[in-house]
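Chemist: Take this structure, written in structure tokens, and hold onto it; I'll ask about it next.
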Amino acid sequence: MARISTYISDPVVSALDRVIGSDNENNNATKNFSVGALALTIADFLNLGTFTFNQSTPATTWLIPHNLEKFPSVTIVDSSGNVIMGETLYTNNNNITLTFSAPFTGKAYLN
């Protein structure tokens with residue numbers, strides 16, 4: 001088995017780098033996490049002006065109450081990791097409605 005000391009030291013960290021951790025939602029199974037995904041999760045946890053919305057049932061309209069008190073930028077990603085384009089309507093500075101041509105599940109990252 002490889003030991004951490006046998007890996008090449010790389011002082012540059014990027015959002016695509018991977019780290020090993022335990023998946024609490026999956027019986028603490030060992031899993032790889034990207035540094036970028038961890039950063040988004042931590043920022044969301046600390047409420048640093050970001051919000052991640054999870055659409056778990058396929059839908060053509062996503063109603064997102066985010067309570068960020070602003071009109072955030074929105075990135076939509078389907079469950080396969082593809083960036084999706086849709087119509088974004090800012091209802092007010094705490095709510096967004098996203099509309100798509102076909103139903104799907106995924107996440108909306110707001111910042």
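Chemist: Can you list residues whose amide H is under 5 Å from residue 86's amide H, if they're 5+ apart or on another chain and H is modeled 1.01 Å from N?
Modeler: So residue 86 has HN proximity to no qualifying residue.
Chemist: Can you give the charge dipole size of the chain about its Cα centre, rounded to the nearest 20 debye, using +1 on the beta carbon of Lys and Arg and -1 on the beta carbon of Asp and Glu?
Modeler: I would put it at about 140 debye.
Chemist: Another question about this same structure. Report the label-to-label distance for residue 28 and residue 85 in nanometres (one decimal), using points 7 Å from each Cα along the Cα→Cβ vector.
Modeler: So the two model labels end up 4.6 nm from each other.
Chemist: If you don't mind, another one. Grab the DSSP H runs of the chain that are 4 residues or longer, score each as -39,500 (n - 2.57), total them, divide by all residues and round the 222 nm result to the nearest 500 deg cm²/dmol.
Modeler: When only DSSP H runs of four or more count, the value is -3000 deg cm²/dmol.
Chemist: So for the chain, taking the charge dipole from beta-carbon charges (+1 Lys/Arg, -1 Asp/Glu), which of 50, 73, 61 sits furthest toward the positive end?
Modeler: With unit charges placed on the Cβ atoms, the residue in question is 50.
Chemist: Right, something else. Using the Karplus equation 6.51 cos²θ - 1.76 cosθ + 1.60 (θ = phi - 60°), what ³J(HN,Hα) coupling, rounded to whole Hz, does each residue of the range 97-103 give in order, writing x for Gly and Pro?
Modeler: 10, 9, 10, 10, 7, 9, x
Chemist: Give me a comma-separated list of calculated 3J(HN,Hα) values for the range 106-111, in order, Karplus coefficients 6.51, -1.76, 1.60 applied at θ = phi - 60°, integers in Hz, x for any Gly or Pro.
Modeler: Those phi angles translate into x, 10, 10, 9, 10, 8 Hz.
Chemist: Moving on to the next point. Of the labelled options (1) 32, 16, 13; (2) 22, 17, 12; (3) 20, 16, 13, which one gives semi-axes √(5λ) of the Cα gyration tensor in Å as computed for this structure?
Modeler: The listed entry that was calculated here is (1).
Only the coordinates and a few stated rules stand behind these numbers; no lab work does. Because the structure is predicted, anything quoted here is derived from the model rather than measured. No Cβ is skipped: glycine too gets one built from the backbone with ideal geometry, and neighbour counts run over all protein chains shown.
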